[in-house]
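Participant: Dumping the structure here so I can ask a few things about it.
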Amino acid sequence: RDRYVVIGNPIAHSKSPFIHARFAEQTGEPVAYDRLLAAVDAFEPTVRAFIAQGGRGLNVTVPFKLDAHAFADRLSARAASAGAVNTLKVEADGSVTGDNTDGIGLVRDIEVNLGVALAGTRVLLLGAGGAARGVVLPLIDAGVREVVIVNRTASKAAELAAAFGRTGAVDHAGDAYGARGTVLGGGADIACGAFDVVVNATAGSLGGEVPEYGAHAIAAGTLAYDMMYGAEPTVFMRDAAARGARVADGLGMLVEQAAESFSIWRGVRPDGAPVLAELRALLG
Ligand code: ATR
C-alpha cells in the first residue's frame, strides 16, 4: 500500500483517516492513510523523514499550512493564491508539489452536494484570514460574478480584495464596487442587495459569535454556509436561518477537500456524498 498521512498538531481528532479509508475502499486504490503528529517547530524534519520512509503524500492541517507552503518545491495556482498548502504530493522524481484543495472543496460542496450552481452568482465572504483567502480564487474560477469580502477589520478585507485585482468601496447609495468584488466591511451594513451565497470564513463560530453583516444580505433563496461544523448548527447558521436563509455547515467541505486531495494523489475521483452521509450520522 502507498502511504499517506495528515500532519498537524494536535492531530488525534482528525477525521481525514476515516474519510480516506472510505475513499480507498470505494476506488480500490491501495492507500494506507494515518495521522502524523509533528512538534510545532519540527514540520520540515518530520515531513522529510516520512518521505524518506516512502511516504507519497500528506494532508496538512493546523498549524502547518504556511510551513507546507514554504516547504513545497512548486505550488499550484490555487495554493499560491491561498498562500497556504493543505496537500503535498511526492512526485516520481522525489520533488514535492504543494496544492490547496480547501477552496475547491467548498465549491464542490456548494455545487454538487447542495445543488447551487455558482456561475453568475454574488457571494458575500465574511472574514479575511487564511480560511477566506483560500477560497477566493476557486470561487472566481467557478464563475462567481462578484465576491464581496467583509471583515471585522476592514483594512484586511481591502488588502485581500486588492490581492485579487479589482477593489472599490461599497457605496451605500448604490453598487459602486468592481465586477469581481470588493470589499469593505468592519461590520458596516453594505447596501448592495441580497446575495446568492453568504460564506462564514471567520473564526467567530469557535467562540459562539456571529460576524456582523448587512441585514439585507439574505433573501429567500440565499444559502448561508459556515465553514465550521459540529453536531449542532453553529450560531451563524441559527442566525442566518432566522433571517430566512437556507443553511449548511462545513462538513461537506471537509469531505470534498479530501476527495480533491485523493484525486491529486491517485488520479481517481472518489464520490464524497456517501462518506458525507456516514460522517453526518457519526456526528450525531
Ligand atoms: P483563519 O486561518 O481561520 O482564517 P485567521 O487568519 O486568524 O484564521 O482569521 C480569522 C478571521 O476571523 C479574521 O477575518 C477575523 O477578523 P479580524 O481580521 O477582524 O481579526 C475573523 N474573526 C475572528 N473572530 C471573529 C468574531 N468574533 N467576529 C467576527 N470576525 C471574527
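The values are calculated or read from the model by the stated rules, or taken from the named source; none is laboratory data. Nothing here was measured: the structure is a model prediction, and the numbers come from that model. Reconstructed Cβ throughout: ideal geometry from the backbone, glycine too, with neighbour counts over all protein chains shown. Note: areas computed on protein heavy atoms with side chains; ligands, DNA, RNA excluded. Shrake-Rupley method; radii C 1.70, N 1.55, O 1.52, S 1.80 Å.
Participant: Suppose the filter is within 16 Å of the ligand (Cβ to nearest atom), open to solvent by 10 Å² or more (accessible area, probe 1.4 Å) and of a type in the set (Ser, Thr, Tyr); does SER81 pass it?
Facilitator: For SER81, the condition - within 16 Å of the ligand (Cβ to nearest atom), open to solvent by 10 Å² or more (accessible area, probe 1.4 Å) and of a type in the set (Ser, Thr, Tyr) - is met.
Participant: Also, quick follow-up: Quick one: in the stretch 236-262, which of the residues that are over 19 Å from the mean Cα position of the chain (by Cα) and in a helix (DSSP H, G or I) is nearest to the ligand (Cβ to nearest atom)?
Facilitator: Within the stretch 236-262, the match that is nearest to the ligand (Cβ to nearest atom) is ASP239.
Participant: Read through the list (1) in contact (Cβ under 8 Å) with a residue 24 or more places away in the chain; (2) within 30 Å of LEU75 (Cβ to Cβ), then give the number of the only condition that SER263 fails.
Facilitator: Only one criterion is unmet by SER263, namely (1).
Participant: Restricting attention to the stretch 146-167, and to residues there that are under 17 Å from GLY103 (Cβ atoms) and assigned to a loop (DSSP other than H, G, I, E, B), which single residue is farthest from the ligand (Cβ to nearest atom)?
Facilitator: Among residues in the stretch 146-167 that are under 17 Å from GLY103 (Cβ atoms) and assigned to a loop (DSSP other than H, G, I, E, B), the one farthest from the ligand (Cβ to nearest atom) is GLY165.
Participant: When you scan the stretch 1-73 for helices (runs of 4 or more DSSP H) that lie fully inside it, which ones turn up with 3 or more residues that are open to solvent by 10 Å² or more (accessible area, probe 1.4 Å) and farther than 24 Å from VAL268 by Cα?
Facilitator: 43-52, 65-71
Participant: Something else: Can you tell me how many residues within the stretch 1-41 are closer than 23 Å to ALA277 by Cα and of a type outside the set (A, V, I, L, M)?
Facilitator: Going through the stretch 1-41 one residue at a time, the tally reaches 17.
Participant: Specify the residue that is most open to solvent (accessible area, probe 1.4 Å); the eligible residues are those in the stretch 212-248 that are without any contact (Cβ under 8 Å) to a residue 24 or more places away in the chain and of a type outside the set (Lys, Arg).
Facilitator: First pass over the stretch 212-248, keeping only residues without any contact (Cβ under 8 Å) to a residue 24 or more places away in the chain: 232-233, 237-238, 241-242.
Subset that is of a type outside the set (Lys, Arg): 232-233, 237, 241-242.
Working: GLU232: 124, PRO233: 64, MET237: 16, ALA241: 50, ALA242: 90 Å².
Only one residue tops the list, namely GLU232.
Participant: Now, a different point. Only one of (1) crowded, with 20+ Cβ neighbours inside 10 Å; (2) modelled with pLDDT of 95 or more; (3) away from the ligand (no atom under 16 Å from the Cβ) is not met by ILE140, so which one is it?
Facilitator: With respect to (1) crowded, with 20+ Cβ neighbours inside 10 Å; (2) modelled with pLDDT of 95 or more; (3) away from the ligand (no atom under 16 Å from the Cβ), ILE140 is out only on (2).
Participant: Give the number of residues within the stretch 1-39 that are without any contact (Cβ under 8 Å) to a residue 24 or more places away in the chain and among the β-branched types (Val, Ile, Thr).
Facilitator: Residues meeting the conditions: 0.
Participant: Which one of the conditions (1) surrounded by fewer than 17 Cβ atoms within 10 Å (Cβ to Cβ); (2) touching a residue at least 24 places away in the same chain (Cβ under 8 Å) does GLU256 fail to meet, given that it meets all the rest?
Facilitator: Unmet condition: (1).
Participant: Using beta carbons and a limit of 6 Å, which pairs, at least six apart or on different chains, have the first residue in the stretch 128-142 and more than 22 Å from GLU212 (Cα to Cα) and the second one outside any helix (DSSP H, G or I) and more than 7 Å from the ligand (Cβ to nearest atom)?
Facilitator: Within 6 Å, the pairs are ALA142/LEU118.
Participant: Still on this structure, I have one more. If I go through the stretch 199-223 residue by residue, how many of them are aliphatic (A, V, I, L, M), within 15 Å of the ligand (Cβ to nearest atom) and either at pLDDT 95 or above or out of contact with any strand residue (DSSP E or B) (no Cβ under 7 Å at 6 or more places or on another chain) (or both)?
Facilitator: Count: 5.
Participant: Does any residue in the stretch 192-211 that is β-branched (Val, Ile, Thr) come within less than 7 Å, Cβ to Cβ, of a residue that is within 6 Å of the ligand (Cβ to nearest atom) six or more places away or on a different chain, and which pairs are these?
Facilitator: Taking only residues 6 or more apart or on different chains, the pairs are THR202/GLY127; THR202/PRO211; VAL210/GLY204.
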